[in-house]
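Visitor: Please read through the structure below; I'll follow up with questions.
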Amino acid sequence: MNTRLRLYGLAASLFIAPAWCTDIDPDRERYLTNLVIHDCGSCHGTRLNGGLGPPLTTHALEKYTVEWIELVILNGQNGTAMPPWRDLLSTNDAAWLARALKSGEIE
Amino acid sequence: MITKWPKLVPFVVSVLTFVSVLSAEAIAEIRGSGDLGLVVERTDGAVKILETSTNRFLSRVEGLGDLSHASVVYSRDQRYAFVFGRDGGLTRVDMLKGEISQRILQAGNSIGGAISQDGRLVAVSNYTPGGVRVFDSETLELIADIPATYNDGQSSKVVGLVDAPGNRFVFSLWDAGEIWIADMSAPNAPEVTRFQNVGVNPYDALITSDGRYYIAGLFGEDGLALLDLWHPEQGVRRIIPGYGKGSQKLPVYKMPHLEGWAIAGNHAFVPAVGAHQVLVIDMNSWSEAGRIEVKGQPIFVMAQPDGRRIWVNFALPDNDTIQVIDTESLEVIASIQPGTGVLHMEFEPRGEEVWMSVRDLNQVQIYNTQNIEQIATLPASKPSGIFFTARAHRTGL
């Protein structure tokens, strides 16, 4: 029962996520774009071509879903240098970032 | 007679003008380069050439490619800067002419470099393909290729590349957990000594200014890896092994740097990883001598040239702040907020002023180190690293 509820929750949040993305404040978009280029860029390259961290170009992200990217942003990746960003970024932020990276909006 | 004088005046004036133009050019041609430096404008692929005697920019050089995380070393005559770009670009910039003298793309993705003790070789450490490539510092022709292969053919990203006495380069292999010494006595045939199992994911390294100790920070575990280059036969040993034990580490939003070696007396100061602390190391025993609580996670921990104070910048979300530590009392004596994205600092060679890049304000700010007051602000587009030509004569920089 619990599992099923959780699944419904997950499904619902995935359904709602795109609506949040389009609602994000333009100032916040600019802030996040700057963050990706300059702060994520310190590991992933300011042109997102990779460095100590892997590249984040649309081509490099082809094999990942937006939801997966969002989760990696929020939770980091164990065993790598990728930190969890949830203390600094909201789920809205992460959803917008994941979509923007995947679609190539930030490049 | 008298009436003829006015006719001569234009001639005399033009001769005088000609002479003064000539001498101005002559002066420009023979100026020194010891007070020069450059600021990286990383998103523009440009550098601004600066002069510290009058705190101004002299010129701007474009066309250096992707300068994410770019770093710079200088020729021993302090005329040429070697700029290492992320895209594998190696650019030789003529500081006096304010132009590129040569530029090559030597790899797919690179992280930094070093110049040899004799000044003839420039080495670049690469992520893709991993390894180190060595070039002639005059011509940028490839002299040697040192692939960082381990485990039968895997290639490692290389970090923490420095020069060392004996015309050697020392570097660390992020993926392999190794430290290598490349002896360049025969430049075409480097002799490599490998030290394995030095620790998980060495992320950066430094060499003491006397060229004796090479120390790599470990991202994947506690402690630091120490190699005594006077006694390489003793191998790499782990120091500060208990560091970080028993405490929950914070997310690391940015890798600390170990460039430079903040030393005062017997104490060395290094950034803690995943903690709001600067670590104090006793250099006699190579053990922990204390921890200084600071505002955020330190990125650069840099000593003034006189060793009296340590200046620290931080990772997100505290990257708008600089804290200054007194090396006698080990206390934070000042906190200033230059602005969001204080990425790098560079002290003038004798330490009276410090330059810092403030990325999000598009500014380079200059502070008096005595009273910690801002004395000048210069415009620069998304400035990151600042490098003065005085580095030319310092081992490891």
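Rule-based calculations on the coordinates, nothing more; no lab input. Since the structure is predicted, the reported quantities are computational estimates derived from the model, not experimental observations. Glycine gets a Cβ as well: all are built from the backbone with ideal geometry, and neighbour counts include every protein chain shown.
Visitor: At B:Asn55 and B:Asp326, where each label point lies 7 Å from the Cα along Cα→Cβ, what is the point-to-point distance in nanometres?
Guide: Simple spin-label model gives 2.5 nm for this pair.
Visitor: Relative to the Cα centre, what is the charge dipole magnitude of the protein assembly as shown, using +1 at the beta carbon of each Lys and Arg, -1 at the beta carbon of each Asp and Glu, and rounding to the nearest 20 debye? Mind dumping the intermediate values first?
Guide: Values: 42 positive and 57 negative charges, 97 e Å.
Value, rounded to 20: 460 debye.
Visitor: Provide the net charge surrounding B:Ile146, with neighbours chosen by a C-beta distance below 13 Å and charges set as Lys +1, Arg +1, Asp -1, Glu -1.
Guide: -1
Visitor: Return the calculated 222 nm mean residue ellipticity for chain B, to the nearest 500 deg cm²/dmol, obtained by summing -39500 (n - 2.57) across DSSP H runs with n ≥ 4 and dividing by the residue count.
Guide: Rounded to the nearest 500, the figure is -2000 deg cm²/dmol.
Visitor: So which aspartates and glutamates pass the test for B:Lys97, namely a Cα distance under 19 Å, with those fewer than 8 places away in the same chain ruled out?
Guide: Excluding near neighbours in sequence, the set is B:Glu25, B:Glu29, B:Asp35, B:Glu41, B:Glu51, B:Glu62, B:Asp77, B:Glu138.
Visitor: On a straight-distance basis, which aspartates and glutamates could pair with B:Lys254 in a cross-link, Cα separation under 12 angstrom, same-chain partners fewer than 8 positions away excluded?
Guide: List returned: A:Asp39, B:Asp318.
Visitor: Take the residue pairs B:Lys48/B:Lys249; A:Lys102/B:Lys157; A:Lys63/B:Lys157 and return only those whose Cα atoms are more than 30 Å apart.
Guide: With Cα atoms farther than 30 Å apart: B:Lys48/B:Lys249.
Visitor: I've got another one for you. Test of understanding: extend the Cα→C-beta vector of B:Glu288 to 7 Å, then name every residue of the range B:183-219 with backbone N under 20 Å from that spot.
Guide: What the label zone holds, given the 20 Å backbone N cut-off, is B:199-204, B:215-219.
Visitor: Could you calculate the contour length gain from B:Asn151 to B:Asp118, that is, 0.36 nm times the residue separation minus the distance between their Cα atoms, to one decimal place in nm?
Guide: 8.6 nm
Visitor: From the Cα gyration tensor of the protein assembly as shown, with a ≥ b ≥ c the square roots of its eigenvalues, which class applies: rounded if a/c is under 1.5, or else prolate if a/b is larger than b/c, or else oblate?
Guide: Values: a/c = 1.68, a/b = 1.37, b/c = 1.23.
Prolate is the answer for the protein assembly as shown, as a/c is 1.5 or above and a/b outweighs b/c.
Visitor: Around B:Leu58, which amide H atoms from residues at least 5 apart in sequence, or from another chain, sit under 5 Å from its own amide H, with H modelled in the peptide plane?
Guide: Answer set, sorted by chain and number: B:Ile49, B:Leu50, B:Glu51.
Visitor: Taking neighbour Cβ counts within 10 Å as the exposure measure, how do B:Ser384, B:Ser209, B:Ser110 sort from fewest upward?
Guide: On the way: B:Ser384 23, B:Ser209 14, B:Ser110 32.
So the residues, fewest neighbours to most, are B:Ser209, B:Ser384, B:Ser110.
Visitor: With θ set to phi - 60° and the Karplus curve 6.51 cos²θ - 1.76 cosθ + 1.60, what are the ³J(HN,Hα) couplings of the range B:109-120 in order, to the nearest whole Hz, using x for Gly and Pro?
Guide: Taking θ as phi minus 60°, the curve returns 7, 9, 10, x, x, 7, 10, 6, 3, 7, x, 8 Hz for the range B:109-120.
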